[in-house]
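Working notes, beginning with the structure itself.
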Amino acid sequence: MSSIKQEKIREHYDTIADSYDHHYDHPRGRNYHSHISNYLIRALPPGGKLLDIGCGTGLFVEKYIRHGGNATGLDISTKMIEQARSRCDCCEFTVGTGEKIPFRDSSFDAVSSLLVFSYLRDPSAMLSETYRVLQPGGAVAICTLGKKLLTRGIPAIYQISEKMRVKHVVMKDFGEHYYNEEEMRDLFTRTGFEDIQVKWCSFAHIDMIDPLFQLAKKVEPFVEKRVPQLAYNIFVSGKRPE
Ligand SMILES: C[S@@+](CC[C@H](N)C(=O)[O-])C[C@H]1O[C@@H](n2cnc3c(N)ncnc32)[C@H](O)[C@@H]1O
């Protein structure tokens, strides 16, 4: 995991913070983000006190508070946090890493993390910290690109994109690690979580061109249920025992 380049990730998100939301501000982007964030919403207690790790510009924090909860965002990028503050001025946002969470024990009912886990240098530390800040009985839900058929070529695409100086909000070589179901179950179990659920989600990817995206959207429910090896993201939820 030592190849994860955290300083490069932070600098990158500081640089693209102003344009990050444009990526999700068209029907495809909103559709993709909302599809995967719905998995988290369904797994987390409504109306609770949430910590969102790697909150970025606050897209998920905004969605959670719309569902009646309170939320706090944490992110390593100061500029992403600035964007999040202007999106949700009623919420608290803090700069810091999910691997050393700057909050007291048992201070949240729920912890979420969306499109971040593959960037973590020390995923076990993030999960132990999540366990620590959750109240007994509290819930965690994450969603991230998973290790599957269609994601295998992504690191190579990102490396080439970086060499070709492609301007894109995520296409860079950060040494990301994609996890399969077994690795995720193992990480969550070793941390002490129970009621662990793992699902594969999303087939219509934000970077597909429109006709392809529409087609993929149509077959997405079938793929998620019957051919999960074609899904892009892995969703994992669990609970801290009472
Ligand atoms: C692809 S963006 C996702 C942002 C947001 N969760 C969303 O769904 O739009 C990844 C975010 O993770 C943050 N990040 C990466 N590594 C992190 C870490 N170790 N701790 C906290 N945030 C991190 C980045 O700064 C960036 O804002």
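Only the coordinates and a few stated rules stand behind these numbers; no lab work does. Since this is a predicted model, take the numbers as computed values, not measurements. As a convention, Cβ positions derive from the backbone with ideal geometry for all residues, glycine included, and neighbour counts pool all protein chains shown.
So here's what we get for this one:
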item	result
Bridge type composition, the chain - antiparallel percent by DSSP, nearest 5	40 percent
Relative contact order (%) - criterion: Cα under 8 Å, at least six apart; region: the chain	21 percent
Viscosity 1.567 mPa s, temperature 4 °C, Stokes-Einstein D of segment 6-239 from Kirkwood C-alpha radius, µm²/s	73 µm²/s
Selection of trypsin sites (Lys or Arg not before Pro), segment 67-153, meeting DSSP coil and at most 10 other Cβ within 10 Å	LYS100, ARG104, ARG152
Difference of contour (0.36 nm per residue) and Cα-Cα distance, THR15 to MET208	67.1 nm
ALA125-GLU7 pseudo-label distance in nm [points 7 Å out on the Cα-to-Cβ vector]	1.5 nm
Pairs from LYS8/LYS225; LYS217/LYS239; LYS148/LYS225; LYS100/LYS217; LYS79/LYS239; LYS8/LYS100 whose Cα-Cα separation, in the structure shown, is over 26 Å	LYS8/LYS225; LYS217/LYS239; LYS100/LYS217; LYS79/LYS239
12 Å tail of the calculated P(r), segment 185-238, as % of Cα pairs	65 percent
Cα-projected label distance for GLU82 with ASN31, points at 7 Å along beta-carbon direction, nm	3.3 nm
Size of electric dipole in the chain: Cβ of Lys, Arg +1 and of Asp, Glu -1, about Cα centre, debye, nearest 20	500 debye
